[in-house]
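As structure tokens, the structure follows; a few thoughts come after it.
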Amino acid sequence: MVAEGTVSGVTCKKPSFREYVRGFEPRATFPHHSTLRRILVVIDELQQEEQVSRLGALQGFHNKKFICLGIQLDMWTDTNTHTCYAGVNATTVVEPPDDSTQAIPQLVLRSEALDFEIFPYTEHTAVNIKSWFLSLLQSRHIEHACISGITPDGAADGQCALNQISTLSEKIDTCNQHQMQRSILFASGLAGTSSKNPAAKGLLRKHGRVVKLFNQSRAVSDAVLKRQEEAKVPGHKLLSLVSTVTTRWGNQFSQVSVNNTLRAVIDPTIEAYQRANKGKKDAIVEEDPSDSGNKLGVAVPAADIGLSATDWDESIELEAFLQPAFHIKETIDKKHFLTGAQTLLYDLKQGCQDTLPLKVLNTPATPTLADRQRTSDTRGSGELGVVVLRSGDSTQSDVLTDEVERWKSLDTSLIQKFIDVETQLLNEFALMYKTKYSCNGTLEEETGSLGFQTEEMGDQ
């Protein structure tokens, strides 16, 4: 039938042509989709067996159970499809095989996914998360006693689920990234009913309108790129505007920073668009700030898109406010030992012998819950002269850094309130970098290196 639709009927009836078709072999023959699925299932099972075997050997080091795992739990929901997802990441610190060519012995930090899948329940609740998490640990043969710490995301359901597990409730860490994200969202008025910062919130909305127009109008997006080319910007350095992602405060910094960089391009482009679309009432559609349940949004006229000279000046100020915290967030993202492995490293350091090469004792002491939890500081911006930090039963005072003092000197119309100040986060990082082992090849204070190498296991 295919031949009859592509060649003449006379050719189709020729014996030579029919013999050619019968002897034709395609270059690639793909198996049935069910066969492909079985192949993937087999690969997954083999990877799980290898992972269980390796983690089992690590947990049974010297025939004794010892703390060797740091775990991260992250859960989220796709708002478009209402599909729930869950992921668990494990961090281990192991010694590489003896290498006589290596002058300084180092440990290898390995991070790998224990599980990443669609959550088997229709919604995230503490009971569902607890049941699923326990079954995952059981399937991987992970002993609770071998877990140094668990870092859940900022959602309350994950925290509640882990608190219901008696053997793990004392090992729950605070996610520094989510705490910092929450602080920035509060400070900029994007989260919390008690936090009001209409100036910063309105300024971010103006930047979001410019980006939305850039994404929806081909003429605007082409003009932004063309004006950069006319300014002799190299092709590999051309910038596009950053789309809004409300769940990530780092996105707001990136969006404002790029817009500030392209101010000389954005202003004439918006002005040209407004002249060509004068009187247009529905240039873009944005979320209704007065009704979050309105999924249709509200129309924004072309005349209301863009930033004034005052807005641009305040945008530079807003970028300066967000920049230090954004750099800390980038440091956390790129250095694995500052996230899920932070408590594991603390335990390992407690088990190190000062007079010998870096070795891990079998049973290092686990920090108590009081050592892990930070005290939230809910004072206003006018009371931030001194911050009280708690570590276990001890209390100490510390003056904020010059960077925070510089933030306080900025225009208070944009920075009305600091909530959940993350000062202890900075102190934890400082302690981590300043601590110096007396054993060989562990920490070079001048370079800030902990002497650890990272090994990604994402390909598995």
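Observations, loosely collected:
- For Thr151, nonlocal amide neighbours, meaning residues 5 or more places apart or on other chains whose placed amide H falls under 5 Å from its own, are Ile71, Gln72, Leu73, Asp173.
- Which of Ser148, Ser217, Ser166 has the fewest Cβ neighbours within 10 Å, and the rest in rising order: Ser166, Ser217, Ser148
- Distant-in-sequence amide contacts of Asp115, defined by a placed amide H-H separation under 5 Å and a gap of 5 or more residues or a different chain, comprise Val88.
- Local electrostatic count, Gly306, Cβ distance below 10 Å [Lys/Arg +1, Asp/Glu -1]: -2
- Annotation for the stretch 115-175: GluC sites (Glu not before Pro) lying in DSSP loop with at most 11 further Cβ atoms inside 10 Å of their Cβ are Glu123.
- Contour minus Cα-Cα distance for Glu229 and Arg22 (0.36 nm per residue): 68.8 nm
- Each label was represented as a point 7 Å from its Cα along the Cα-to-Cβ direction; for Asn277 and Ser240 these points are 1.9 nm apart.
- For Asp115, net neighbour charge (Lys/Arg +1, Asp/Glu -1) across residues whose Cβ lies under 13 Å away: -3
- Each Lys or Arg adds one and each Asp or Glu subtracts one; over the other residues with Cβ under 12 Å from the Cβ of Leu137, this totals 0.
- Within the stretch 252-325, trypsin sites (Lys or Arg not before Pro) in DSSP loop having at most 16 other beta-carbon neighbours inside 10 Å: Lys278, Lys280, Lys281, Lys295
Since every read-out is calculated from the coordinates, none of them should be taken as a lab result. Fair warning: this is a prediction, and the values are worked out from it, not measured in the lab. Cβ: placed from backbone, ideal geometry, glycine included. Neighbour counts: every protein chain shown.
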